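**Q** Handing you a structure now.
The values are calculated or read from the model by the stated rules, or taken from the named source; none is laboratory data. Predicted, not measured: the structure shown is a model, and the values here were computed from it. Here Cβ is always computed from backbone atoms with ideal geometry, including for glycine, and neighbour counts include all displayed protein chains. In case anyone asks, the SASA skips ligands and DNA or RNA and just uses the protein heavy atoms, side chains included. Shrake-Rupley method; radii C 1.70, N 1.55, O 1.52, S 1.80 Å.
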Amino acid sequence: GRGRLLAGDHLLSRALVLLSTHPQALSTRAAEVVAEMARAAVREVEVRGDATLSAADYREIAMGKTAALFGLCGFAAGILAGDPVRARRFETASRSLGMAFQMQDDLGDLVDQNQDRYGDIKERNPSLPVLLACEKDARLRDRVGRAWREPPVSSEVAKSLGEAVLDTRAVDQTLDAILRAVEEAQKALHADSGHPSVDLIWQFADSLLAD
């Protein structure tokens with residue numbers, strides 16, 4: 001609600017103020033990332049309930065919504081260590097891991113056995129496996145589109161649509177995309193392999209592939 005939005009704005013503004021005591025490159029990059037996240041959030045609202053959204057458009061939103069913040073964390077580590085070259089490399093790797101995290105989160109919504117299963121379908125949220133399935137199956141795209149045009153989406157309808165998505169190759173395609181994103185991160189951090197901190201990052205990456 002509005003209260004949460006205002007609280008989020010307050011936290012972001014406080015974070016930017018705190019960053020002002022650190023190198024200017026970091027505060028500048030943080031401001032750029034906040035702007036990128038805001039654009040992605042607006043775009044996500046605009047496309048909510050659109051079953052014709054392409055996987056490429058989804059990735060652009062996910063890059064701004066999730067991966068950009070991961071990337072800022074990587075960039076900050078390099079800048080605070082006084083190594084701008086590493087900062088860019090860490091940012092590239094962290095963005096890739098952020099994309100992998102978002103795609104794994106989308107996938108978990110379909111396959112995890114929990115109370116909120118199929119929540120993205122019920123909430124009409126952009127989800128990579130759902131959109132991939134809709135791209136490949138026009139009939140399924142029409143079914144999802146009809147359900148999303150007439151909210152709320154009941155739990156029964158969401159379950160039926162979710163099971164239809166699982167019957168396509170969308171899960172395998174999403175897993176492939178997660179693997180590619182992790183491989184991109186590994187490539188970006190190849191020069192730092194063996195460092196204890198990088199080993200911790202690989203543990204996180206392995207958890208994305210194992211889930």
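**Q** Output the number of the condition that Glu184 fails; it satisfies all remaining conditions of (1) within 15 Å of Ser96 (Cα to Cα); (2) out of contact with any helix residue (DSSP H, G or I) (no Cβ under 7 Å at 6 or more places or on another chain); (3) open to solvent by 50 Å² or more (accessible area, probe 1.4 Å).
**A** Result: Glu184 passes all but (2).
**Q** Based on this model, can you work out whether Glu135 counts as more than 22 Å from Glu184 (Cα to Cα) and in contact with a Ser or Thr (Cβ under 8 Å, 6 or more places away or on another chain)? Break it down into steps so the answer makes sense when it comes.
**A** On the way: more than 22 Å from Glu184 (Cα to Cα): yes; in contact with a Ser or Thr (Cβ under 8 Å, 6 or more places away or on another chain): yes.
Answer is yes for this residue.
**Q** Among what's in region 86-121 and is polar (S, T, N, Q), farther than 16 Å from Tyr58 by Cα and modelled with pLDDT of 95 or more, pick the residue that is farthest from the chain's Cα centre (by Cα).
**A** Among residues in region 86-121 that are polar (S, T, N, Q), farther than 16 Å from Tyr58 by Cα and modelled with pLDDT of 95 or more, the one farthest from the chain's Cα centre (by Cα) is Thr92.
**Q** Okay, next question. Looking for whichever is more than 22 Å from the chain's Cα centre (by Cα), assigned to a helix (DSSP H, G or I) and of a type outside the set (Asp, Glu) here; the options are Ala181, Ala177, Ala191, Ala185. Which one fits? Steps first, please.
**A** Numbers: Ala181 fails: more than 22 Å from the chain's Cα centre (by Cα); Ala177 fails: more than 22 Å from the chain's Cα centre (by Cα); Ala185 fails: more than 22 Å from the chain's Cα centre (by Cα).
One residue alone meets the criteria, Ala191.
**Q** Report, by residue number, each residue of region 54-106 that is of a type in the set (Asp, Glu) and over 17 Å from Ala40 (Cβ atoms).
**A** Taking region 54-106 and keeping what is of a type in the set (Asp, Glu), we get 57, 60, 83, 91, 105-106.
Asp83, the sole residue that qualifies.
**Q** Then there is this: If a residue counts only when it is more than 30 Å from Val157 (Cβ to Cβ) and open to solvent by less than 50 Å² (accessible area, probe 1.4 Å), which helices (runs of 4 or more DSSP H) contained entirely in region 10-127 have at least 1 such residues? Steps first, please.
**A** On the way: elements: 24-47, 55-62, 68-80, 84-111, 119-123.
Fully inside region 10-127 and qualifying: 24-47, 68-80, 84-111.
**Q** Follow-up. Within region 147-171, can you find the residues that are part of a helix (DSSP H, G or I) and either under 30 Å from Phe90 (Cβ atoms) or in contact (Cβ under 8 Å) with a residue 60 or more places away in the chain (or both)?
**A** Taking region 147-171 first, the residues part of a helix (DSSP H, G or I) are 147-149, 155-166, 170-171.
Answer for region 147-171, where residues must be part of a helix (DSSP H, G or I) and either under 30 Å from Phe90 (Cβ atoms) or in contact (Cβ under 8 Å) with a residue 60 or more places away in the chain (or both): Trp148, Arg149, Val171.
**Q** Sticking with this one: Taking Arg169 and the conditions (1) within 20 Å of the chain's Cα centre (by Cα); (2) closer than 20 Å to Ile121 by Cα; (3) not polar (S, T, N, Q), which numbered condition does it fall short on, given that it satisfies the others?
**A** Of everything listed in (1) within 20 Å of the chain's Cα centre (by Cα); (2) closer than 20 Å to Ile121 by Cα; (3) not polar (S, T, N, Q), Arg169 misses just condition (1).
**Q** Give me the pairs: first residue in region 22-35 and free of Cβ contacts under 8 Å to residues at least 24 places away in the same chain, second residue open to solvent by less than 50 Å² (accessible area, probe 1.4 Å), beta-carbon distance under 6 Å, and six or more apart or on different chains, which are they?
**A** Cβ pairs passing all conditions: Ser27/Leu19.
**Q** Oh, and also: Quick check on region 174-181. Is at least one of its residues loosely packed, with under 13 Cβ neighbours inside 10 Å and of a type in the set (A, V, I, L, M, F, W, C)?
**A** No: zero hits.
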